[in-house]
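First the structure, in the form of structure tokens, and then the observations on it.
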Amino acid sequence: MSSTIQPLEFNGNWELSPSLESTDHLSLKNQYGLFINGNFVKPLSKKFFPTINPSNESTIAMIAEAEEKDVNLAVKSARVAYDGHWSKMPNKERAKYIYRIARMIQEKSKELSVIETLDGGKPIRESRDIDIPLAAAHFFYYAGWADKLKYAFPIANPKPVGVAGQIIPWNFPLMMAAWKIAPALATGNTLVLKPAESTSLTALKLAEIIQEADLPPGVVNIITGPGTTGNLMVNHRKIDKIAFTGSTAVGKSIMKNIAGSNKKSTMELGGKAANIVFEDAPLDQAVEGVINGIYFNQGHVCCAGSRLFIQESIYDLFIRKLKDRMQSLILGNPLDKNTDIGAINSHNQLRSINKYIDIGKKEGAEIFQLNCEIPSKGYWCAPTLFTNVSQSHAIAREEIFGPVLAVQTFRTTNEVINKANNTPYGLSAGVWTDKGSKVFNLTSKLNAGVVWANTYNKFDPTSPFGGYKESGHGREGGLHGLEAYLNLS
Amino acid sequence: MSERIKVLKTYKIFIDGKFPRTESGRYYQLKSKDIPYANVCLSSKKDLRNAVVAARKAFLPWAEKTAYNRSQILYRIAEMLESRKTQFIDELTIQGFSKKDASKELDQSIDRIIYFAGWADKINQVFGAVNPVASSHYNFTLFEPMGVIGVLSSDESPLLGLVSSIIPVIVSGNSCVVIASEKYPLSSISFAEVISNSDVPSGVINILTGTKKELASPISSHMDINALGLFSQKIDKQIFINATENLKRISSFNDIQIYSDDFDSPYIIKKFMESKTTWHPVEVDFTKTNNY
């Protein structure tokens, strides 16, 4: 069959003129303090670190590093705000504050998208169409819940937890901040949030919005710094709840730290999602879905469809289509509106991805990469696909968090269910088939918190997200996401 | 020294996003201490029919908008109303309200719009269900809007009554034809101006002024109206009888309910929704799978 399929020749037809997003409308400072008790303050540590544009390695701004005294101040301000007024404010008034934040994010969406792309390296198309609108939508959705909690948890007398400590990753900086802050505020908690070290800027812009929205001081505190800052939050006695999104390894170490304490927790950790394509699937749509599943945001996605399972009967055809589609991806300046694949978020991450690519080759898998020019400066990784992969290969078992897809095959439904579930992770999965009955069979058998059928990487504020097994516990989003910030009786 | 002569406002009705005069050309007069202060359209049966046509046309596109979008549009109404508070307070005082009561009526109305706006994307999360049927089927129940709702607005509450009879009805995707308070019609037409500036698609909300005596009967017997929201008091029994012709669903509310905080409830929205249950087969595999 494969011998009759001719490779597509694009003859350079995919080349587009550059279409760069402008940056002259940004209002950025050279140096950012910590957002504590409603004000930007200099860190008591007196330390600052640079935040880098990963697409050209230039420094965008200096960011404060919070140490123990700074963390204490932030937690204290959250505690005072909680006890003083926020937990006692009428629900509908709390809602109005959250609506304000949603509206201001919408008003400033252009600026926020460009900063997100500069600081994190993701394509402007993604920050413009996905990250920022979803962040606003999240605030809008949870604002509405603030005065409706008794309907979400009837007779359970929902009460806020208190002060939440929230630690978020660098892959969707503002969106993750929204996922954490919006439900915490709607349920009447105050909080201290720490963005990832390499992507603090949009969280600090959000702090400016929160200031502008006139949110009472101390309700939201945003402090910056490396993992050690996060560790101080995790171990802080006056924090009632830790909400963490990040790697499974760090998640486990946080759980060790708070084990036996009364701290509540939600953990959104890693994944190694199976994306399963059956022979009766709409193949072209499935190709799009597989591409989006793994190469969206350079594969820096905890729910990325990093394990592809193709039914044997369509293997050759599907791989050919997949490779053709890969060749049409545009890697380059993240600010260019035509760019599909932006920069890898940091030098460390690039090293880690490259290590896995080497392991993949050494373990005998066959590599295929997008044939493209790699910019001379910045951190880049061409979209990569491995065939001849088996279940035991490291690239099929471990989370790479980069644009690397491991392809395997299957014959029967049972076989693919077993293979898909044979992982310590359980965040998400994808199923491609034209048969609805097969979809529902698969969704009932796959051990994952989210299952996408004939689509992938879809997110919505109303839809709960979170994992089984070592992908973490608790859900964010939807009605279920409220529960993580409430004590129910 | 000559005094500047005030420009008086013509109050018209609101159909399909436009402000026509009643086709009948008739009016009734509002007076304060025997001095007339407004001439208000006395809408006819024909105006009502036009409004129902507009509402029917607007229904599906409105219902098919995402719940998030509907939610934002309703929130926008609250934003617009907040920015025009003074106008409404003045209008209410002309109609005999104290400044304090008028101001309270505004605050309650705006907050109520925001409350219900938030339900657009939540109502099905609270009331929808996946039903564990005993066969190999995926079975779920969702709530959908009913269609065109005929509303007889509160007679005594000029703005809060109006808002309470419109927002819970349209938040789920219904369109409506509203007969405004006969005694206090001015706020309803000013509210129509707010709506027409709030991204609400034309025809989703239609507001007629006139007498319930004349319009209640045709609205209850109109065959293209799916349900009635009766927020007005003293409804004639004949209205309920008329409604049975096409089995209109009827929900009634009184002014005490409208002024109570308990009115802020999703059950009001649900009264104007139908439930729909879908069955879908789940592939049965008789061989064993290892689930963990």
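The table for this structure:
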{"item": "Any hit, the range B:144-161, residues being within 14 Å of another protein chain (Cβ to nearest Cβ), within 24 Å of B:K248 (Cβ to Cβ), open to solvent by 10 Å² or more (accessible area, probe 1.4 Å) and modelled with pLDDT of 95 or more", "result": "no"}
{"item": "Failed item, numbered, when B:K237 is tested on (1) more than 17 Å from the chain's Cα centre (by Cα); (2) within 14 Å of chain A (Cβ to nearest Cβ)", "result": "(2)"}
{"item": "Check on A:K122, out of contact with any His (no Cβ under 7 Å at 6 or more places or on another chain), under 20 Å from A:N297 (Cβ atoms) and basic (K, R)", "result": "yes"}
{"item": "Residue list for the range A:145-179, restricted to those being open to solvent by less than 10 Å² (accessible area, probe 1.4 Å) and in a helix (DSSP H, G or I)", "result": "A:W145, A:P173, A:L174, A:M175, A:A177, A:A178"}
{"item": "Index of the failed condition, A:D119 passing every other in (1) among the acidic types (D, E); (2) within 24 Å of A:E483 (Cβ to Cβ); (3) open to solvent by less than 10 Å² (accessible area, probe 1.4 Å)", "result": "(2)"}
{"item": "Residue that is more than 12 Å from chain B (Cβ to nearest Cβ), among the basic types (K, R) and farther than 30 Å from B:W119 by Cα, where the choices are A:R475, A:R397", "result": "A:R397"}
{"item": "Candidates B:I166, B:I170, B:I205 - the one that is surrounded by 24 or more Cβ atoms within 10 Å (Cβ to Cβ), within 22 Å of B:E79 (Cβ to Cβ), in contact with a Pro (Cβ under 9 Å, 6 or more places away or on another chain) and at pLDDT 95 or above", "result": "B:I170"}
{"item": "So B:T209, is it in contact with a strand residue (DSSP E or B) (Cβ under 6 Å, 6 or more places away or on another chain), under 30 Å from B:E23 (Cα atoms) and away from chain A (no Cβ under 14 Å)", "result": "yes"}
{"item": "Some residue of the range A:410-433 being of a type in the set (K, R) and within 9 Å of chain B (Cβ to nearest Cβ)", "result": "no"}
{"item": "Considering residues of the range B:257-288 that are over 16 Å from B:V163 (Cβ atoms) and of a type in the set (S, T, N, Q) only, the residue nearest to the other protein chains (Cβ to nearest Cβ)", "result": "B:T287"}
{"item": "Residues within the range A:275-318 that are of a type in the set (S, T, Y) and more than 19 Å from A:R397 (Cα to Cα), tallied", "result": "2"}
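The values are calculated or read from the model by the stated rules, or taken from the named source; none is laboratory data. Keep in mind it's a predicted model, so treat the numbers as computed, not measured. All Cβ positions, glycine included, derive from the backbone under ideal geometry; neighbour counts span all protein chains shown. Remember, those area values only see protein heavy atoms, side chains included, never the ligands or the DNA or RNA. Shrake-Rupley method; radii C 1.70, N 1.55, O 1.52, S 1.80 Å.
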